[in-house]
1. Counting helices only, and only those DSSP H runs with n ≥ 4, report the 222 nm mean residue ellipticity of the chain as the sum of -39,500 (n - 2.57) divided by its residues, in deg cm²/dmol to the nearest 500.
2. Please give the FRET efficiency for Arg199 paired with His176, using the beta carbon to beta carbon distance and R0 = 41 Å, rounded to the nearest 0.05.
3. Restricting attention to the stretch 377-434, which trypsin sites (Lys or Arg not before Pro) occupy a DSSP loop and are surrounded by at most 11 other Cβ atoms within 10 Å?
4. Hand me the tally of lysine pairs in the chain: alpha carbons under 25 angstrom apart, and the pair either on different chains or 8 or more positions apart.
5. Between Glu100 and Arg168, with labels modelled 7 Å along Cα→Cβ, what's the label distance in nm to one decimal, could you check?
6. I want to check the label-to-label distance for Lys424 and Gln438. Put each point 7 Å from Cα in the C-beta direction and report it in nm to one decimal.
7. Between the helical axis of 337-353 and the dominant principal axis of the chain, each derived from Cα atoms, what acute angle in degrees is found, rounded to the nearest 10?
8. Accessible area per residue of the stretch 395-489 at 1.4 Å probe, in Å²?
Amino acid sequence: MPDPLAAVDVGTNSLHLVVARTTDGDRFEVLTREKEMVRLGSGSTDMKTLAPAAIDRAVAALGRFRKIADSQGAPLRAVATSAVREAENSHDLLIRARLEAGVEIEVVSGVEEARLIHLGVLQALELYDRRLLLCDIGGGSTELLIGEQGEVLASVSFKLGAVRLTNRFFAAERLHPSSVDSCRRHIQEVLASFDRSVRDHPYEVAVGSSGTIEQVYRLARALAGDDPLRTLNGATLTSEQVRNVVAVLIEARAAGTTADLPDLDPKRADIILAGALVLEGVVLRFRIEELLLSEYALREGVLLDTIARQRGGSLPHLRDVARRSVLDLMLACDEDPQHSEHVARLALQLFDATIDHHHLDSDARSLLEAAALLANSGLLISHAKHHKHSYYLIRNSDRLVGFTDQEIEVVAQIARYHRKSAPKASHPEWGLLDDHEQRVVLVGAGVLRVAIGLDRSHQQAITDLVVTDRGPTLVVEAITRSPGFDIGLELYAADERKQLLEQVLDVEVVIEQREPVLAQPPADRSA
């Protein structure tokens, strides 16, 4: 029987757990689900701080989820979204979740969140060959994505969540006369930046995937006198239904009777108006006539992403989507991408040839490749301290998808330390890495420094590396692309940059030139 997996969506409004086991192909069978509303994003601070009580609720829920996953023998992967992504004290939750609940939380970017939701939707609905516009309304943010055949054509994460907008526009118990109009204007102003993406990539079908959209649909049916459906997956929500529900919610909020509406989850009563206004804004802005509902979203996408990693041998040569995003960022920032690609190839050769010394796995190799391709991205800002600029760009770019937050941190730090000083205890980001992550950064940065030196002239003069152990010495022979090619500058630069590699591998490194072996012409057998 296939091993089970567990995924947790640490959302702004609620925490969701799904435990499943894989079936044929890349599909899965759900074994159990749990949901707890913890309101991480509650309060009036625009989600800059997680309230201590909210952290307590989240840690307690994660502890219960951990026990459920353990009872099924399922390894658990948890991802956090808007509230944790933005909070200045997010580390309080991350540390307590690890220590008290035994759960490591990955904080994902808004764009990565959209990608994972897209994966989940494609598992639930037969839309692979159709261009779709996806809308997911959470507590802190709304993700919009245009995709086709599994590819993300455009995506964005807006700070338009049901909890966030409730805090901003509907915090009072009774409805202020201008609140709805102010909220609607704000929503339209924010959504406008996605207009061009929709024009450039006209969609065939619109999809909604969130508790907010499902609640609007249930309200629409109940107000029409229709019986509840057992499953909402594949159901159709029309723009007319959305408008009708919004009108009823506004009237009910003004009268203080929202909680009396039929088939309304009491835990959503205070935030449903804001969420419905976001949906109304999306429907109007992008001229959506109807939405298909998907009951699968982020947590199912996390399951599928985890399955893909496992079946792909962890992180094979960077997962395809991740590698494409690295190349995209490199091309956007690097004035000499050919040099960066050559350096990455040399770095991987050196990494592979020294595996008996560093003992790192294919995950580390893939993160090194990403760092090598992006090490010079900081030149876009300035040559001075460009290694620090590279760290900033990698760490804060929304182009990198297919990586966990911690993987992006490791990539950024390898790029950060490809020149100048080695990591120091006084560097705060370095101190947040665990021992294994620090080892990956040290080895990666040590290898990368030498590889960069070996293309100092940017001429790609060195085609291959041959590494030989000679007692306490590691000899790196650089093979040139043609006999007699002068690589004196490369040898000098690599020698100047080898110190970190020597320290981390605990060997002396000697770098030498080796002439290429030319193919001999076939012997003349006519004699």
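The values are calculated or read from the model by the stated rules, or taken from the named source; none is laboratory data. Remember, predicted model here, so these are calculated numbers, not experimental data. Because the Cβ atoms are built from the backbone with ideal geometry, glycine has one as well, and the counts that use them run over all protein chains shown. Ligands, DNA and RNA are stripped out before the accessible areas are found, and what is left, the full protein with its side chains, is counted by its heavy atoms. Shrake-Rupley method; radii C 1.70, N 1.55, O 1.52, S 1.80 Å.
1. Roughly -14000 deg cm²/dmol at 222 nm, from the helical runs in the chain.
2. Details: r = 35 Å, r/R0 = 0.86.
That gives a FRET efficiency of 0.70.
3. Details: sites: Lys385, Lys388, Arg395, Arg399, Arg416, Arg419, Lys420, Lys424; in loops: Lys385, Arg399, Arg419, Lys420, Lys424.
Hits after loop and neighbour filter: Lys420, Lys424.
4. Lysine pairs meeting the criterion: 16.
5. Going from the Glu100 label point to the Arg168 one covers 3.0 nm.
6. 1.6
7. Roughly 70 degrees between the two axes.
8. Per residue, the stretch 395-489 has 41 Å² of solvent-accessible surface.
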